[in-house]
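In what follows, a single structure is set out as C-alpha cells and then discussed.
The values are calculated or read from the model by the stated rules, or taken from the named source; none is laboratory data. Here the structure is a predicted model, which is why all the values come from computation and not from measurement. Every residue, glycine among them, receives a Cβ derived from its backbone with ideal geometry; neighbour counts consider all protein chains shown. Just so you know, the surface numbers come from the protein's heavy atoms only, side chains and all, with ligands and any DNA or RNA stripped out. Shrake-Rupley method; radii C 1.70, N 1.55, O 1.52, S 1.80 Å.
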Amino acid sequence: MTSTTPWDLFALDRLVDDTERDLAAAVRSFVDRRVRPDVGTWFDEARLPVRELARELGDLGVMGMHLEGYGCAGSSATAYGLACLELEAGDSGLRSLVSVQGSLAMYAIHRWGSEEQRTTWLPRMATGEALGCFGLTEPDFGSDPGGMRTRARRDGSDWVLDGSKMWITNGSVADVAVVWARTDEGIRGFVVPTDTPGFSAPEITRKLSLRASVTSELVLEGVRLPADAMLPEAAGLSGPLSCLNEARFGIVFGAMGAARDCLRTALDYARDRQIFDQSLASFQITQTKLADMTLELGKGMLLALHLGRLKDAGELRPEQVSLGKLNNVREAIGIARECRTILGANGISLEYPVLRHANNLESVLTYEGTSEVHQLTIGRALTGESAFR
C-alpha cells in the first residue's frame, strides 16, 4: 500500500496560496542546507553562529518580514507564520533568533518608535547587519512584568537607566536593546545601543534547553541616554505586551514546525526499523500513536492558519493568540515526547532531532507567557473576571 504524510492527510496545502507556499519552501530549503547538518553539534556545544546566520536570514528576507517599509518585506502574517514553522522545524533557537529580532525588537521600534529611530535601526536590522534584543523579563518578574524594578530617571535632558533583565535572547550579541523601565510617568521603552557605557550582557550558560541559542542577562548600571532614546508612542504595559503578542503569534506556527519534524522522523524510523521480523510501522500500537499525533498536528495547523487569516484581516484578538499558543505548544511537546518512544533508545541521541525538540519546547512552553498565563487570559475572556490580581 502507498503511504501519505500528515500534511497531505489534512490537505493543508490547499489552505495556503502560491506566494505563501513558495516562501515556506525557500525557508525550508535554507534550513535543510544551512541548519540541519550542524544543528545537533551546535546544540551539543551550546552555541549558534548568530552573526553569520543573521546575515543569511536577512538575505532570505525573513527578518521583520511582516513589517512594512524600512527594507522589510511587508509579507502577510500567515506567510510569516509559515516561515516560523519552517525555522522551528530546524530548531527553536533559530526561530527565536528571527522572532526576537522581528516581532520584539524591530516591531517595538516600528510600532512605537520615532521616525529617526526607525530609519536608524530598521533597515540594518532587516538585513541582519544589526541585531536586536528585547529587555522586559527580570529575575523576579516574568509573568508579572508590571512589577519590574528597572528604573529610568531624568537627569537634565537625559535619561539614566539602572536595573537588570533576565533570559534575554540575543542579548550578548545584540547591537541594540529595547529596554522597558519604570519612570515617574509609568513604564516606558528605551532604545539602548549596547555599546553605551554601563550596559553589559553576560551570557547565561549551563542550559538544558534552547542550547543552540544565545541567552543573556542585561545589566544596566547608570546607562545614560539622550531624551530621544525613549520610544515616544509607548506608554504603560500596552507597549511591551503588544510586542509579546506578535512573538506569540509566531510561536503558534513555530511549535507545529518542531512537532512536524518529530513526527516525520518517527514515521521514517518506524518504516525502516525491523523488530520481530517486521517493520515497527506495522504494529498496531505504533500506528495508533502515529494516528493520534497526526490528528493533533493537523488540528494545530488548522488553528494556526485560521489565526493567521484573522490577523491578516486585522481581526485577531490577544485571547485568540493565547488559544493558539496554549494549544499548539502543549500538543507539540506531547508529540515530541511520544515520538521519542517510537525511536526507543535512539530517541535520546542527537543523531535524531526528537529529544532536542522536546527539550527546546520546554522553554517555548514557558516564554512569551506560561501555559497558566494563557489559561487565565482565556478564562478572563470567557468569564469577564480577571484572576491575575
Worksheet item: Here are V35, V98: which of them is open to solvent by less than 10 Å² (accessible area, probe 1.4 Å), over 23 Å from G308 (Cα atoms) and either in a strand (DSSP E or B) or out of contact with any strand residue (DSSP E or B) (no Cβ under 8 Å at 6 or more places or on another chain) (or both)?
Response: V35
Fill in: Flag if K207 is crowded, with 21+ Cβ neighbours inside 10 Å, at pLDDT 95 or above and not aliphatic (A, V, I, L, M)
no
Discussion item. Considering only the range 57-66, I want to know if a residue exists there that is assigned to a loop (DSSP other than H, G, I, E, B), of a type in the set (D, E) and either under 29 Å from P123 (Cβ atoms) or open to solvent by less than 70 Å² (accessible area, probe 1.4 Å) (or both).
Written reply: no
Fill in: Filter result for the condition that a residue is open to solvent by 20 Å² or more (accessible area, probe 1.4 Å), of a type outside the set (D, E) and within 22 Å of A46 (Cβ to Cβ), over T127, T137
T137
Item to complete: Please name all residue pairs, on different chains or six or more residues apart, with Cβ atoms under 9 Å, provided the first residue is in the range 72-97 and is at pLDDT 95 or above and the second residue is part of a loop (DSSP other than H, G, I, E, B) and aromatic (F, W, Y).
Response: S96/Y367
Worksheet item: Assuming R211 fulfils every condition listed in (1) over 27 Å from the mean Cα position of the chain (by Cα); (2) part of a loop (DSSP other than H, G, I, E, B) apart from one, which condition is it?
Response: (1)
Fill in: Any chance T194 is closer than 15 Å to C133 by Cβ and polar (S, T, N, Q)
yes
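Is it the case that the range 223-240 has a residue that's part of a strand (DSSP E or B), acidic (D, E) and at pLDDT 95 or above?
no
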Response to the item:
Subset of the range 284-304, residues open to solvent by less than 30 Å² (accessible area, probe 1.4 Å) and under 20 Å from E88 (Cα atoms), comes to M293, T294, L297, G298, G300, M301, A304
Fill in: Cross-chain or 6+ apart pairs with Cβ under 8 Å, the range 102-124 first and under 22 Å from G236 (Cβ atoms) and open to solvent by 60 Å² or more (accessible area, probe 1.4 Å), then in a helix (DSSP H, G or I) and among the hydrophobic types (A, V, I, L, M, F, W, C)
R111/C243
Worksheet item: Taking the range 286-300, which residues are within 28 Å of the chain's Cα centre (by Cα) and among the hydroxyl-bearing types (S, T, Y)?
Response: T294
Worksheet entry | All positions within the range 311-353 that are among the hydrophobic types (A, V, I, L, M, F, W, C), surrounded by 17 or more Cβ atoms within 10 Å (Cβ to Cβ) and not in a helix (DSSP H, G or I) | L316
Worksheet item: Which residues, counting only those in the range 367-389, are in contact (Cβ under 8 Å) with a residue 24 or more places away in the chain and small (G, A, S)?
Response: G369, S371, A381
Worksheet item: Has the range 361-371 got at least one residue that is of a type outside the set (V, I, T), in a helix (DSSP H, G or I), open to solvent by 70 Å² or more (accessible area, probe 1.4 Å) and more than 26 Å from A105 (Cβ to Cβ)?
Response: no
Worksheet item: Would it be correct to say that T194 is open to solvent by 40 Å² or more (accessible area, probe 1.4 Å), within 23 Å of the chain's Cα centre (by Cα), of a type in the set (S, T, Y) and over 19 Å from F141 (Cα atoms)?
Response: no
Worksheet item: So A77 fits all but one of (1) within 15 Å of the chain's Cα centre (by Cα); (2) surrounded by fewer than 24 Cβ atoms within 10 Å (Cβ to Cβ); (3) within 29 Å of I348 (Cα to Cα); what number is the exception?
Response: (3)
Response to the item:
Scanning the range 237-285 for residues that are under 31 Å from the mean Cα position of the chain (by Cα), of a type in the set (V, I, T) and over 20 Å from Q101 (Cα atoms) gives T265
Item to complete: Could you tell me whether G163 is buried (at least 23 other Cβ atoms within 10 Å of the Cβ) and either modelled with pLDDT of 95 or more or of a type in the set (V, I, T) (or both)?
Response: no
Worksheet item: Looking at A270, A255, A281, which one is of a type in the set (A, V, I, L, M, F, W, C), within 30 Å of A105 (Cα to Cα) and surrounded by 14 or more Cβ atoms within 10 Å (Cβ to Cβ)?
Response: A255
Worksheet item: In the range 310-369, how many residues are of a type in the set (F, W, Y) and closer than 30 Å to A381 by Cα?
Response: 1
